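Please read the structure below before turning to the comments.
The values are calculated or read from the model by the stated rules, or taken from the named source; none is laboratory data. Computed from a prediction, not measured in an experiment: that's the story for all the values here. So basically every Cβ, Gly included, is an ideal-geometry build from the backbone, and we count neighbours across all protein chains shown.
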Amino acid sequence: MTNSDYLLKAAIKKVTEKLNDLLIEKIEEATTIAQDAPEIFKKEINNLKDSILEEATRMEKEENKKNNTYSEIYQDPKTKDALEKIKEISNQIDKLNKKINKKIQ
């Protein structure tokens, strides 16, 4: 065997060893990730659930605040009177529209 034969065999042997080491290392990393994945997913799902609940609570509070504001407005006597007058005017307009429609037909 010549020196170049020994160099070629040594290079193949060392490259093979490096590839095997690298493959084993990557398999170990993948195994660790696969073992941790369920816990990671569980954590992310819990975070999402908490976020959804917080948003729902915020939205509910916002809606309640709006409803309370509207409720306060409608309890004001001046507002009630104005709404009554608006209803009366609306009814009168409806009656006029009906009369006009009858005359047109």
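Mind listing just one residue for me: the one in segment 75-84 that is part of a helix (DSSP H, G or I) and surrounded by 10 or more Cβ atoms within 10 Å (Cβ to Cβ) and, of those, modelled with the lowest pLDDT?
79
Hey, does segment 29-50 have a residue that's polar (S, T, N, Q), modelled with pLDDT under 90 and exposed (fewer than 10 other Cβ atoms within 10 Å of the Cβ)?
Yes.
Would you say residue 22 is in a helix (DSSP H, G or I) and more than 28 Å from the chain's Cα centre (by Cα)?
Yes.
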